[in-house]
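The next block holds one structure in the form of structure tokens; read it before the comments.
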Amino acid sequence: MYLHWLKNFPVLPSDTPVDLSPSELARQELEMAFPEKDFALTLSPALGDTFVLDLLGATVAITGGETGLLYGAYTYLCHMMADEPLPNHLESSPRYPLRMIDCWDNMDGSVERGYAGRSLFFEGNLFSYDPARIRHLGRLLASVGLNVLCINNVNVHEPAQGLIAESLPALSALADLFRPFGVRLMISVDFSMPLRAGLDSADPLDPAVQAWWEAAAGRVYSEIPDLAGFLVKADSEGRLGPFTYGRSHAEGANLLARALAPYNGVLVWRCFVYNCRQDWRDSSVDRPMAAFETYQPLDGQFEKNVILQIKNGPFDFQVREPVSPLLLSLKHTSLALELQLAQEYTGQQIDLYTMVPMWQELFRDLPADRLSAIAAVSNLGRDENLFGHPLAAANLFSFGLLAWNPQVRPEMALESWIRLTYTFREVDRQILKNWMMSSRRIYEKYTAPLGLGWMITPHTHYGPNPSGYEYDLWGTYHRADRNAVGIDRTAAGTGYITQYPQELQVRYSDPSSCPDLLKLFFHRLPYDFRMEDGRTLIQRIYDDHFEGAEEAAELAKALKALPFPAPDDQEIALRADRQVSNAKEWRDVINTFFHRLSGIPDAKGRTIYP
Ligand code: GCV
């Protein structure tokens, strides 16, 4: 089995009992790894996830709650295996109580936006998994402090509706496997479930519907008493929701939240709500404004156990977006940040794209205490190495560290991941770390420019197609013509910018002071607009694309020269070559597109195809 950052850990015994508690597992892990050492573990249930670790001569003392002891044990073990020093006294608590991975797995075995093979949990509309791999996944998640796993797609396709009905015993058996690792399951549910069950409505204010959800929650919790809760995508991309019945999203979310409350379950309600049947001719509607318009007026109307889950940006996981204004504006509602580890728009686990530097930027604008929880869409699958690209594992690893401590330094997270995963000399470790740190910027340079986004091939979302979504229904337009590109989102334009607090409005309003990398997100600019360093916009677009493709080629060369063990060496080389061709394609398509429109030549006379 491919062990990733746990490669130096002792093999987990296959007879690890399912009723082992996290604190018992903590002891087992420590004693297996260092049988000669003395471990003093003190269980103090009230501490929950928190732990205190003391190195007292030959004794390692850990005090913590059930899961706290486990996290303390993994912290100790990871430091030892990575050969990284630990302070003699460390107290640690996670920033967020819920640190979630959302899988978009379907019961037919496919994974929506999955780039690491088929589902780890399902095949042929049934549960289908290797218990040893599931335990290994539980161990990987726990080792970086992740504690909730939603196993099915938010687009709940039949027969996944049955996860809270006829498939409950199978779901419960899977929950058992994760329990020793302190990982609680969550499930995506379909708002229209009562209709499936034979009711004639799913209206949240209908008492029969309310009774139905109460009974459903009762059934679920009698099988899985520690289920974390339900996750819901409603009134979004064709899913039914409260709007069908003229109800608000607070009424919709509260319906399910009330059903879950007696069991301490949470209701995670996604705010990815927008008009996906927009007319491209209509420039009065601006998609990034939609979530704020829907949810801001509802602030304070949600039950206590509702968490609104909001994507990091106002669009949809593009290479660069400003922080979602909704995350900054709701003051009386619990919020979860949603990130995406699956590289849907960012290279699909073929192109190297390391995310932790991007998350660090996000937390510069998003006070960590605005959030109650943090979630990331999974990049896992049934491939032998779980992630498709072996280096994509670093994204899950560093997400765990970030969810524990949003102030984590990207270099430190990557340094630890590399130390745990590869036995490299210092010089190779630094080379790899530096390329991983640069990988997002490289990808950004050769794809859609300067915050514009969306120039990808429709539906597959890999490779360039500048007008692929231009005359479509999805509200993602660049409106490039021969003079200018972008949408004016200032107060004089669509007004999107007014959804931000004053400080960000000021930062982004003026095209000359708006950071270059976000200029085309906020502004419509002529091609001869002067950028920060005096270059014209069009020259900046050409330069970035030539540089990005060159850097992708250098990156590929560097990766191939590093001493990765088999089979990673092959996997990485193969993907690096594909990235080089992808980058060339993007460079030529995007440069040609803008050159044809603007008629402006490249000042450096490089090849742009006619
Ligand atoms: C799960 C984007 C993706 C969809 C995804 C959706 C969502 O639109 O392309 O595949 O559906 O986001 O986050 O709900």
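Checking the conditions here, which among PHE529, PHE521 is without any contact (Cβ under 8 Å) to a residue 24 or more places away in the chain and crowded, with 18+ Cβ neighbours inside 10 Å?
Step by step, each of PHE529, PHE521 is checked, and only PHE529 is without any contact (Cβ under 8 Å) to a residue 24 or more places away in the chain and crowded, with 18+ Cβ neighbours inside 10 Å.
Is at least one residue of region 348-366 within 16 Å of the ligand (Cβ to nearest atom), modelled with pLDDT of 95 or more and touching a Phe, Trp or Tyr at 6+ places or on another chain (Cβ under 6 Å)? Quick ask: steps written out before the conclusion?
The initial filter retains those residues of region 348-366 that are within 16 Å of the ligand (Cβ to nearest atom), namely 348-349.
With the extra rule that they be modelled with pLDDT of 95 or more, the set shrinks to 348-349.
If we keep only those that are touching a Phe, Trp or Tyr at 6+ places or on another chain (Cβ under 6 Å) as well, we get 348-349.
Among the residues of region 348-366, at least one is within 16 Å of the ligand (Cβ to nearest atom), modelled with pLDDT of 95 or more and touching a Phe, Trp or Tyr at 6+ places or on another chain (Cβ under 6 Å), which makes the answer yes.
In region 454-463, what residues are surrounded by fewer than 20 Cβ atoms within 10 Å (Cβ to Cβ) and in contact with a helix residue (DSSP H, G or I) (Cβ under 8 Å, 6 or more places away or on another chain)?
Passing the criteria: TYR462, GLY463.
In region 63-92, what count of residues is obtained for those that are outside any helix (DSSP H, G or I), within 30 Å of LEU171 (Cα to Cα) and either among the hydroxyl-bearing types (Ser, Thr, Tyr) or within 16 Å of the ligand (Cβ to nearest atom) (or both)?
So the answer is 0.
Inside region 479-489, can you point out the residues that are crowded, with 20+ Cβ neighbours inside 10 Å and either within 15 Å of ARG287 (Cα to Cα) or without any contact (Cβ under 8 Å) to a residue 40 or more places away in the chain (or both)?
Result: GLY486, ILE487, ASP488, ARG489.
Go through region 331-343 residue by residue and tally those that are hydrophobic (A, V, I, L, M, F, W, C), within 13 Å of the ligand (Cβ to nearest atom) and either outside any loop (DSSP other than H, G, I, E, B) or over 24 Å from LEU396 (Cβ atoms) (or both).
1
Just name the residue that is nearest to the ligand (Cβ to nearest atom) out of those in region 419-453 that are assigned to a loop (DSSP other than H, G, I, E, B) and surrounded by 22 or more Cβ atoms within 10 Å (Cβ to Cβ).
Step by step, filter region 419-453, then rank; the result is GLY453.
Six or more apart or on different chains, Cβ atoms under 7 Å: show the pairs whose first residue is in region 315-333 and aliphatic (A, V, I, L, M) and whose second is within 16 Å of the ligand (Cβ to nearest atom) and assigned to a helix (DSSP H, G or I).
LEU326/ALA291; LEU326/TYR295; LEU330/TYR295
Which of the numbered conditions does LEU53 fail, given that it passes all the others? Conditions: (1) within 29 Å of the chain's Cα centre (by Cα); (2) of a type outside the set (Phe, Trp, Tyr); (3) surrounded by 15 or more Cβ atoms within 10 Å (Cβ to Cβ).
The one condition LEU53 does not meet is (1).
Report yes if some residue within region 35-45 is assigned to a helix (DSSP H, G or I) and in contact with a strand residue (DSSP E or B) (Cβ under 6 Å, 6 or more places away or on another chain); otherwise report no.
No: region 35-45 contains no residue that is assigned to a helix (DSSP H, G or I) and in contact with a strand residue (DSSP E or B) (Cβ under 6 Å, 6 or more places away or on another chain).
Give the residue that is surrounded by the fewest Cβ atoms within 10 Å (Cβ to Cβ), with candidates limited to residues of region 230-241 that are in a loop (DSSP other than H, G, I, E, B) and on the phi < 0 side of the Ramachandran plot. Please lay out each step first, then the result.
From region 230-241, those in a loop (DSSP other than H, G, I, E, B) are 233-241; that's our starting set.
From what's left, on the phi < 0 side of the Ramachandran plot: 233-234, 236, 239-241.
On the way: LYS233: 23, ALA234: 24, SER236: 19, ARG239: 18, LEU240: 16, GLY241: 21.
Across region 230-241, the extreme among qualifying residues is LEU240.
If only one of LEU227, LEU231 is closer than 28 Å to ASP19 by Cβ and within 13 Å of the ligand (Cβ to nearest atom), which one is it?
Details: LEU227 fails: within 13 Å of the ligand (Cβ to nearest atom).
Just one listed residue meets the conditions, LEU231.
Being among the charged types (D, E, K, R), outside any strand (DSSP E or B) and in contact (Cβ under 8 Å) with a residue 12 or more places away in the chain: is that true of ASP54 here?
no
Has region 20-29 got at least one residue that is part of a loop (DSSP other than H, G, I, E, B) and not small (Gly, Ala, Ser)?
Yes.
The values are calculated or read from the model by the stated rules, or taken from the named source; none is laboratory data. What you see is a predicted model, and the numbers here were worked out from it, not measured in a lab. Note that we place each Cβ from the backbone using ideal geometry, even for glycine, and neighbour counts take in every protein chain shown.
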